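Below is one structure; the comments refer to it alone.
The values are calculated or read from the model by the stated rules, or taken from the named source; none is laboratory data. Nothing here was measured: the structure is a model prediction, and the numbers come from that model. Glycine gets a Cβ as well: all are built from the backbone with ideal geometry, and neighbour counts include every protein chain shown. Only protein heavy atoms, including side chains, enter the accessible area calculation; ligands, DNA and RNA are left aside. Shrake-Rupley method; radii C 1.70, N 1.55, O 1.52, S 1.80 Å.
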Amino acid sequence: MRFNDTVLGAIFLALAVFIIVSASGFHTPPGQKFGPGFFPTIVASVMAAAAIGLIVKGLVGRRGARLVELDAWFSQPRLVVQGASVFAFLLGYLAFSEDIGFLIVAPLLLWALIWLLWGHPMVALVIAAGASFAIHQFFVQVLLVPLPWGIVPYFKLF
């Protein structure tokens with residue numbers, strides 16, 4: 001899928017405006033010149049300027065060009081389902097990981113996704129289990145970032 005620069009510029013301009021408006025609501029601590037919204041506002045302002053440049057380039061440079069062009073793979077339903085499944089599984093993780101827990105949701109979703117994309121359920125099971133465990137250990141042990149436990153603590157294995 002290819003987007004005209006005008007479309008991408010409009011999307012990034014809207015995102016920049018949203019960031020600037022959101023950052024303006026951050027409270028500035030007393031006695032400080034700059035609050036937590038200063039840096040996001042600067043970055044979003046530069047992003048807005050670049051977005052305006054993209055919009056101008058898209059309007060001037062490609063007169064008569066389509067705003068969105070679909071690639072050939074969009075005509076194959078199987079590939080569209082596989083592509084959409086990645087986003088569906090991400091949304092599934094966001095929806096269920098907090099309540100059920102990373103150690104249950106991640107391996108199940110990863111297994112289903114690898115099986116859907118590759119078609120080998122046993123290979124997918126091994127990869128999903130190993131990758132989920134490795135990701136969990138890396139985040140919890142190395143980066144000290146807690147992942148959601150969900151219902152896992154309720155199971156007393158030992």
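Here Val17, Val81 are screened, and the one residue that is in the same structural domain as Leu116 (by TED's automatic domain parsing) and open to solvent by 60 Å² or more (accessible area, probe 1.4 Å) is Val81.
Can you find even one residue in the stretch 20-41 that is in contact (Cβ under 8 Å) with a residue 24 or more places away in the chain, under 30 Å from Gln137 (Cα atoms), surrounded by 14 or more Cβ atoms within 10 Å (Cβ to Cβ) and β-branched (Val, Ile, Thr)? Please lay out each step first, then the result.
At the first step, the residues of the stretch 20-41 found to be in contact (Cβ under 8 Å) with a residue 24 or more places away in the chain are 20.
Filter once more, so that each one left must be under 30 Å from Gln137 (Cα atoms): none.
Scanning the stretch 20-41, I find no residue that is in contact (Cβ under 8 Å) with a residue 24 or more places away in the chain, under 30 Å from Gln137 (Cα atoms), surrounded by 14 or more Cβ atoms within 10 Å (Cβ to Cβ) and β-branched (Val, Ile, Thr), so the answer is no.
Residues in the stretch 94-147 that are polar (S, T, N, Q) and open to solvent by 90 Å² or more (accessible area, probe 1.4 Å): how many? Step through it out loud before you land on a result.
So the first thing to find is which residues in the stretch 94-147 are polar (S, T, N, Q), and the list is 97, 132, 137, 141.
Next, from what is left, pick out any that are open to solvent by 90 Å² or more (accessible area, probe 1.4 Å): 141.
Number satisfying all stated conditions: 1.
Set side by side, the residues Gln82, Gln32 differ, and just one is part of a helix (DSSP H, G or I) and at pLDDT below 90, which is Gln82.
Got at least one residue in the stretch 147-154 being outside the structural domain of Gly83 (by TED's automatic domain parsing) and free of Cβ contacts under 8 Å to residues at least 40 places away in the same chain?
The initial filter retains those residues of the stretch 147-154 that are outside the structural domain of Gly83 (by TED's automatic domain parsing), namely 147-154.
Now restrict to residues that are free of Cβ contacts under 8 Å to residues at least 40 places away in the same chain: 153-154.
Yes; the residues of the stretch 147-154 include at least one that is outside the structural domain of Gly83 (by TED's automatic domain parsing) and free of Cβ contacts under 8 Å to residues at least 40 places away in the same chain.
Scanning the stretch 47-68 for residues that are open to solvent by less than 60 Å² (accessible area, probe 1.4 Å) and either part of a loop (DSSP other than H, G, I, E, B) or not assigned by TED's automatic domain parsing to the domain that holds Ile20 (or both) turns up just one, Ala65.
Under the condition of being open to solvent by less than 80 Å² (accessible area, probe 1.4 Å) and of a type outside the set (A, V, I, L, M, F, W, C), which residue from the stretch 148-158 is nearest to Phe87 (Cα to Cα)? Walk me through how you get there before you give the answer.
Residues of the stretch 148-158 that are open to solvent by less than 80 Å² (accessible area, probe 1.4 Å), as a first pass: 148, 150-153.
This time we only want the ones that are of a type outside the set (A, V, I, L, M, F, W, C), so: 148, 150, 153.
Details: Pro148: 20, Gly150: 22, Pro153: 29 Å.
Across the stretch 148-158, the extreme among qualifying residues is Pro148.
Please work out if Val7 is farther than 30 Å from Ser75 by Cβ, in contact (Cβ under 8 Å) with a residue 24 or more places away in the chain and either of a type in the set (A, V, I, L, M) or open to solvent by less than 80 Å² (accessible area, probe 1.4 Å) (or both). Lay out the reasoning, then the answer.
Details: farther than 30 Å from Ser75 by Cβ: no; in contact (Cβ under 8 Å) with a residue 24 or more places away in the chain: yes; either of a type in the set (A, V, I, L, M) or open to solvent by less than 80 Å² (accessible area, probe 1.4 Å) (or both): yes.
No: the conditions fail for Val7.
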